[in-house]
Amino acid sequence: MKYVDDFRGAEACLAMARRINAAAADRSYRIMEVCGTHTAAIRRFGIPAMLSGRIRLISGPGCPVCVTSDVYLRNAFRMAADKNVTIATYPDMLRVPADGVSLQDLRARGADVRGVNSALEVLEIARELKGRTVVFLAVGFETTAPATAILAQRARREKIKNLKIYSAHKTIPPALLSLGRDKQLCLDGFLLPGHVSVVIGVQGYRRVMRSLRLPAVVTGFEPLDVLSAILTIVDAARHRRVVLENGYSRVVRSCGNPKAKSLLKEVFVSKDSLWRGLGVIPDSGLFLHKPYDSLDARRTFSLREEDGHQARSSGCRCAGVLTGRIEPPACRHFGKQCTPQRPLGPCMVSREGTCRAFFETL
Amino acid sequence: MKEHISLSHGSGGALTQKLIREIFASAFDNAYLRKLDDASVVELRGGRYAMTTDSFVVDPIFFPGGDIGKLAVCGTVNDLASCAAEPRYLSASFVIEEGLPFDILESVVSSMAQEARQQYVPIITGDTKVVPRGKADKLFINTTGIGLVHKTLEAGMIRPGDKILINGPVAQHGVSVLAARQGFEGGKSLKSDCKSLWPIVKLLLQEDIDLRFMRDPTRGGVSAAANEIAQSSGLSLVLTEQKVPITASCKSFCEILGLEPLDIANEGKMLFFIGARDAHRALRILKSVPSCRRASVIGDVLPERKGKVYLKTTAGGSRILGMPVAEALPRIC
């Protein structure tokens, strides 16, 4: 724990916060933390209380279940309703509502829905349930996609016929491009997600950041990591410098994880993908490659097209929250009809969801 | 849409509260139940007695530091202790799944007997039911306890300026059960804190400490207990994260799994609300007990009447400590 505690000491953190507040004396700075784990860490350690009002930390769309579209969920519900289908997915997905229902509700009504902590557990489930079709709802960013890739490879090698993958995997750099160009958001810089960076490396952002010309720092999850990244961004933005720094070099390599990257390349192909709140972002989705067609749930089941035209509103303002346009308390349902027990929208479900992070610490 | 019971209804968090209020308390409504306390205090001829009941469904039934039998005695004894009641009599009933090996049952029962003997509280009545295989999971135990009340305590007695004490490291029980269930390597070093608390409560009462209120932070951990007390007293509390004791192995375990130690169940801990003048004396007394060497003053009661709980974080920031929400770990006790 020493390795962690070194990045948490009150003295060092408060000293860093003072330097940030001094640097930001001239104007206000709008910095987006893209990753949900950052949102959670920032709230958990009480970082906003240390910073002056001139530093605006804006939560981005980096919570996997939050950006999963309603259409995807409805498709998942339709598959779950089939008596011969078992759904397996990460536990947070079980509670995400669409049209007032969630997979958890369907399970209580008799559907076979299982939470897994690792994609490879799905392989076990499929082997066990020979007569049933097991559908893995594969969500997440570059962090969880390599595990899905391994699952796909093993299922193909071992000829497991009853396993299907419904991929909603998404990649972060295309989303950064869309957010960085948003005039309304008017960002001064990005705290780049540490876990995603472990896979894609600092290199993974180079092209996008070159086109955006904004300071960005790959950031770890301890308070001192976050604070020093904020300082770097404020400094750079003040002097109109463009920087792309690795502030998490104890974990992240510049080239990322070559093995994971090659896995992604082999199993997936990038196509346009629908994000909740952000709409369709070009080349931001990871879909199964041709050789893996037989595993693709999209080809086995007749599913609705995910094109963003069927979005139905539950009155929840997820879209504004996910794009950083509003803070959760600005939504009229926040903390009233929408709570972590009865979430109206997905941002209230996961620990990484912006609304839940606000709800738990406000 | 038809509503169904979900695991979250049993997590001790906000949904459990709702279930109790809307289903049970409204149906059984009476003056005792309305207080929604862990135990109810009744006047009988010659004295004031507290009565409480608790069911135990922990999975696995054996875990480092205890088992379902020891837990069934400690849990009920501690609910009585939190009302400053000396445990006098216990009942025990068993729901057993067909096929349970005899030696497992014997070992659970003997650990129950041992704990009860140590606490000088006889188990004076009981019941046994056996259900077909698959209709229950191995063994469920219910215990009911009756205790003699030594001092009347209510959340309403808490005053601004009071100190909040805890008698040792948090999160040990929940973490040990989870580690045992998942078969984590090195899980043996994560021991449950399962322990009867009446001896230390008695010690504080004997020394005439200005004890205002106490609560054992079981399901939902310190967060849930602190929030419940803040709500029922109407006062806001502030806890200092740095002062909350936690063992190194527990801390690492929580850190790796992303768990908040303050949200995790304890079975041998008590939150004491003590008048500021007596706080240091109380801390000294607690620390003189070998099992409470890491006792600590972890917070204060604020004058603010908002019923909130604030946390001063280790990093020097501050935030609200909310009621834990989802079912972090089902079947923990």
Suppose the filter is small (Gly, Ala, Ser) and touching an Asp or Glu at 6+ places or on another chain (Cβ under 9 Å); does residue B:25 pass it?
no
Go over the candidates A:20, A:47, A:31 one by one and state the one that is crowded, with 21+ Cβ neighbours inside 10 Å, closer than 20 Å to residue A:328 by Cα and within 14 Å of chain B (Cβ to nearest Cβ).
A:47
Any chance region A:72-90 includes a residue that's within 15 Å of residue A:166 (Cα to Cα), crowded, with 18+ Cβ neighbours inside 10 Å, touching an Asp or Glu at 6+ places or on another chain (Cβ under 6 Å) and among the aliphatic types (A, V, I, L, M)?
no
Conditions: (1) away from chain B (no Cβ under 13 Å); (2) over 30 Å from residue A:130 (Cβ atoms). Residue A:7 meets all but one. Number of the miss?
(1)
Name every residue in region B:17-54 that is part of a helix (DSSP H, G or I), open to solvent by less than 50 Å² (accessible area, probe 1.4 Å) and either among the hydroxyl-bearing types (Ser, Thr, Tyr) or within 14 Å of chain A (Cβ to nearest Cβ) (or both), in order of residue number.
B:17, B:19
Report whether or not residue A:319 is surrounded by fewer than 15 Cβ atoms within 10 Å (Cβ to Cβ), within 30 Å of residue A:45 (Cβ to Cβ), away from chain B (no Cβ under 14 Å) and not polar (S, T, N, Q).
no
Filter region B:94-134 down to residues that are part of a helix (DSSP H, G or I) and charged (D, E, K, R), then give me how many there are.
4
Would you be able to say whether some residue in region A:332-341 is at the interface with chain B (Cβ under 10 Å from one of its Cβ atoms) and open to solvent by 10 Å² or more (accessible area, probe 1.4 Å)?
yes
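Each row is one residue, and each column tells you yes or no for (1) of a type in the set (Gly, Ala, Ser); (2) surrounded by fewer than 18 Cβ atoms within 10 Å (Cβ to Cβ); (3) more than 14 Å from chain B (Cβ to nearest Cβ).
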| position | (1), (2), (3) |
| --- | --- |
| A:184 | no, yes, yes |
| A:193 | no, no, yes |
| A:196 | no, no, yes |
| A:226 | no, no, no |
| A:230 | no, no, no |
| A:236 | yes, no, yes |
Tell me which of these residue B:88 doesn't satisfy, since it passes every other one: (1) surrounded by 14 or more Cβ atoms within 10 Å (Cβ to Cβ); (2) assigned to a helix (DSSP H, G or I).
(2)
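Rundown of residues vs (1) charged (D, E, K, R); (2) closer than 14 Å to residue A:79 by Cα; (3) more than 14 Å from chain B (Cβ to nearest Cβ); (4) in contact with a Ser or Thr (Cβ under 7 Å, 6 or more places away or on another chain), yes/no style:
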position	(1), (2), (3), (4)
A:99	yes, no, no, no
A:118	no, no, no, no
A:128	yes, no, yes, no
A:155	no, no, yes, no
Does residue A:303 qualify as being closer than 14 Å to residue A:69 by Cβ and more than 14 Å from every other protein chain (Cβ to nearest Cβ)?
yes
Out of everything in region B:272-306 that is β-branched (Val, Ile, Thr) and within 27 Å of residue B:234 (Cβ to Cβ), what residue ends up being most open to solvent (accessible area, probe 1.4 Å)?
B:297
Which members of region A:245-261 meet the condition of being closer than 27 Å to residue A:66 by Cα and open to solvent by 30 Å² or more (accessible area, probe 1.4 Å)?
A:246, A:247, A:251, A:257, A:261
Please go through region B:56-70 and give me each residue that is assigned to a helix (DSSP H, G or I) and either open to solvent by 10 Å² or more (accessible area, probe 1.4 Å) or closer than 30 Å to residue B:157 by Cα (or both), ordered by number.
B:70
For the subset of region A:342-362 comprising residues that are closer than 15 Å to residue A:67 by Cα and in contact with a strand residue (DSSP E or B) (Cβ under 6 Å, 6 or more places away or on another chain), which member is nearest to the other protein chains (Cβ to nearest Cβ)?
A:348
Kindly state which strands (runs of 3 or more DSSP E) lie completely within region B:282-333 and contain at least 2 residues that are touching a Gly at 6+ places or on another chain (Cβ under 8 Å) and more than 12 Å from chain A (Cβ to nearest Cβ).
B:296-301
Determine if region A:352-359 includes at least one residue that is open to solvent by 60 Å² or more (accessible area, probe 1.4 Å) and part of a loop (DSSP other than H, G, I, E, B).
no
Taking strands (runs of 3 or more DSSP E) that do not extend beyond region A:23-113, which have at least 1 residues that are over 23 Å from residue A:322 (Cβ atoms) and of a type in the set (A, V, I, L, M)?
A:85-89
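The values are calculated or read from the model by the stated rules, or taken from the named source; none is laboratory data. The shown structure was predicted, so the numbers you read here are calculated from the model rather than taken from an experiment. For neighbour counting, all protein chains shown are included, and Cβ atoms are generated from backbone atoms with ideal geometry for every residue, glycine included. Heavy atoms of the whole protein, side chains included, go into the accessibility calculation; ligands, DNA and RNA do not. Shrake-Rupley method; radii C 1.70, N 1.55, O 1.52, S 1.80 Å.
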